[in-house]
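Input: a single structure, listed below in structure tokens.
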Amino acid sequence: MLSVYKKNNSISELFGNEKTYLKTILESQPNGIFVVDTESLSIVDTNSYTVKKTGFSEISVIGYPVSKFLILPENEEYFVDGNRKFECSIKTFNGECIPVFVTTSFMILDRRKYQIFNFVDITQIKEKMCEQQKYIRDLEESIEYKNLFADILRHDLLNPAGLVKGFTQLLLDMEKNSRKVSILEKVQHHSEKLISIIESASRLSRLESTGKLELEKMDMVPIIEQVVDDFKYQTDKNQMNVEIRADRCCPAFANDIIEDVFSNLLSNAIKYSPENSQVTIDVQDAGDFWKVSFIDSGEGINDRDKNRLFERFERVDKNNINGNGLGLAIVKKIIELHNGDIGVKDNPEGQGSIFWFTVMKA
Ligand code: ADP
């Protein structure tokens, strides 16, 4: 505040100790300060942060109008009553402009009014914001590519793949030569696999771009019964038994798409279990949630593989079992959209695994 005394005698009654005290406060601020006399409109004091940031010495700042240093945006004025906050820039000795964030306040000292411009350098924040904006633009671009690819999958690849399958079936019906039949069966098997990948990938991509699902009250029990019935052909063929352990009615907040979760987990339990085994679908009351478990007595899953199975295209040495490694990624996404949890653990009753998920009770 030394310069305040030089230029404004009106506050000169402050004693030496008080001067040092006020100057120490100014100097200890982690930001720049201009103290401006609202009558003469010139700067009466500043601090070393300002000197360091601008490169101007203290004597080339004091006594000059604040507009020489702070360049305000068009909608801001230098002197307005009340406290304000805004972004603007500050000129440096080298002629550069540094972005700063300014807060203004007033101080009355000995019946004189001073406006204090308090500023902080936001160059790094601005740079970070630019980086983030670039990152967002890149992300938006890659989402656009992803959507484009999903559309191509849905519209342009599914039809020809379906045609290959149809024509192969036609040739199979006409063909008598056993060697050719065997080759055509391979073509058909792979075209079915291709169709399943395309369908699953486009379903997953659609789900991933879905922010929120409409959830309504629905009973889980009839859905489970329907899914079990849908798999009756496979379970009969493998002489498997599917037991449902649930209350008579299990109302939950869910979307119709939850059926995909039941059918995927049941399909896996059947696929990865031996013939003549049992699969249990168990629905337990878990407070605010229902905990649904699919318990099988198949070969089980290694601990190191348990988490990654829910990632896309993760399969664990199941070379002779059909699949595309997308089923559990879809299941996980659907459960996430239901605000539920999902996991897998060993079946405590010996061999096999338990895939479980939670869904909110209604
Ligand atoms: P896939 O189409 O290969 O079945 P999923 O995403 O449904 O794809 O499953 C991923 C992998 O998880 C499977 O390839 C299999 O290795 C393993 N898996 C899933 N369910 C079971 C299960 N009930 N028992 C043992 N392994 C399973």
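The values are calculated or read from the model by the stated rules, or taken from the named source; none is laboratory data. For clarity, every value in this text was computed on a predicted model and none was experimentally measured. Cβ sites come from the backbone with ideal geometry, for glycine too, and all protein chains shown count toward neighbours. When the accessible area is computed, the model is the full protein with side chains, heavy atoms only, and any ligands, DNA or RNA have been set aside. Shrake-Rupley method; radii C 1.70, N 1.55, O 1.52, S 1.80 Å.
So is GLY325 outside any helix (DSSP H, G or I), out of contact with any strand residue (DSSP E or B) (no Cβ under 8 Å at 6 or more places or on another chain) and open to solvent by 20 Å² or more (accessible area, probe 1.4 Å) or not?
Details: outside any helix (DSSP H, G or I): yes; out of contact with any strand residue (DSSP E or B) (no Cβ under 8 Å at 6 or more places or on another chain): yes; open to solvent by 20 Å² or more (accessible area, probe 1.4 Å): no.
No; evaluated as a whole, the condition is false for this residue.
Please specify each residue of the stretch 308-322 satisfying the condition of being free of Cβ contacts under 8 Å to residues at least 40 places away in the same chain and open to solvent by less than 40 Å² (accessible area, probe 1.4 Å).
Taking the stretch 308-322 first, the residues free of Cβ contacts under 8 Å to residues at least 40 places away in the same chain are 308-311, 313-317, 319-320.
LEU309, PHE310, VAL316 - these are the residues of the stretch 308-322 that are free of Cβ contacts under 8 Å to residues at least 40 places away in the same chain and open to solvent by less than 40 Å² (accessible area, probe 1.4 Å).
Tally up the residues in the stretch 50-80 that are closer than 15 Å to GLN29 by Cβ and either in contact with a Leu (Cβ under 9 Å, 6 or more places away or on another chain) or of a type in the set (Asp, Glu) (or both), please.
1
Quick check on LEU158: is it closer than 25 Å to ALA254 by Cβ and either touching a Pro at 6+ places or on another chain (Cβ under 9 Å) or at pLDDT below 95 (or both)?
Numbers: closer than 25 Å to ALA254 by Cβ: no; either touching a Pro at 6+ places or on another chain (Cβ under 9 Å) or at pLDDT below 95 (or both): yes.
Here the answer is no, as LEU158 does not meet what is asked.
Name the residues in the stretch 288-307 that are open to solvent by 40 Å² or more (accessible area, probe 1.4 Å) and at pLDDT 95 or above, would you?
ASP288, PHE289, LYS291
What are the pairs, 6+ residues apart or on separate chains, where a residue within the stretch 283-305 that is more than 19 Å from SER267 (Cβ to Cβ) has its Cβ under 9 Å from a residue that is within 10 Å of the ligand (Cβ to nearest atom)?
ASN302/VAL316
Being in a loop (DSSP other than H, G, I, E, B) and within 20 Å of GLU275 (Cα to Cα) is the filter; apply it to the stretch 295-305 and report the residue that is farthest from the ligand (Cβ to nearest atom). Working first, answer last.
Just the residues of the stretch 295-305 that are in a loop (DSSP other than H, G, I, E, B), to begin with: 296-302.
Okay, now just the ones that are also within 20 Å of GLU275 (Cα to Cα), so 296-301.
On the way: ASP296: 5, SER297: 10, GLY298: 4, GLU299: 6, GLY300: 6, ILE301: 5 Å.
For the stretch 295-305, the residue satisfying everything is SER297.
Quick one: what pairs do we get from the stretch 80-104, first residue on the phi > 0 side of the Ramachandran plot, second not small (Gly, Ala, Ser), C-beta under 9 Å, 6+ apart or different chains?
From residues that are on the phi > 0 side of the Ramachandran plot, the pairs are GLY82/THR104; GLY82/PHE106.
Being away from the ligand (no atom under 13 Å from the Cβ) and either more than 22 Å from the chain's Cα centre (by Cα) or open to solvent by 40 Å² or more (accessible area, probe 1.4 Å) (or both) is the filter here; which residues of the stretch 328-362 pass it?
GLU336, ASN339, ASP341, PRO348, GLU349, GLY350, MET360, LYS361, ALA362
Find the strands (runs of 3 or more DSSP E) located wholly in the stretch 53-160 whose residues include 2 or more that are in contact with a Lys or Arg (Cβ under 6 Å, 6 or more places away or on another chain) and either surrounded by 14 or more Cβ atoms within 10 Å (Cβ to Cβ) or among the aliphatic types (A, V, I, L, M) (or both), and list them. Spell out how you get there, then give the answer.
On the way: elements: 84-91, 97-109, 112-121.
Where strands (runs of 3 or more DSSP E) fall fully within the stretch 53-160 and carry at least 2 residues being in contact with a Lys or Arg (Cβ under 6 Å, 6 or more places away or on another chain) and either surrounded by 14 or more Cβ atoms within 10 Å (Cβ to Cβ) or among the aliphatic types (A, V, I, L, M) (or both), they are 97-109.
Provide a single number: the residues in the stretch 328-356 that are part of a strand (DSSP E or B) and under 30 Å from GLU192 (Cα atoms). Before the answer, list the steps.
The first filter runs over the stretch 328-356 and keeps only residues part of a strand (DSSP E or B), leaving 342-346, 353-356.
Of the ones still in play, those that are also under 30 Å from GLU192 (Cα atoms) are 342-344, 353-356.
Counting residues in the stretch 328-356 that are part of a strand (DSSP E or B) and under 30 Å from GLU192 (Cα atoms) gives 7.
Looking for something more than 12 Å from the ligand (Cβ to nearest atom) and over 26 Å from ASP247 (Cα atoms) - is there at least one such residue anywhere in the stretch 306-326?
Here is the first cut: in the stretch 306-326, the ones more than 12 Å from the ligand (Cβ to nearest atom) are none.
Looking through the stretch 306-326, none of the residues is more than 12 Å from the ligand (Cβ to nearest atom) and over 26 Å from ASP247 (Cα atoms).
So which residues in the stretch 29-47 are open to solvent by 50 Å² or more (accessible area, probe 1.4 Å) and within 14 Å of PHE119 (Cβ to Cβ)? Break it down into steps so the answer makes sense when it comes.
So the first thing to find is which residues in the stretch 29-47 are open to solvent by 50 Å² or more (accessible area, probe 1.4 Å), and the list is 29-30, 39-41.
Across the stretch 29-47, the qualifying residues are GLN29, PRO30.
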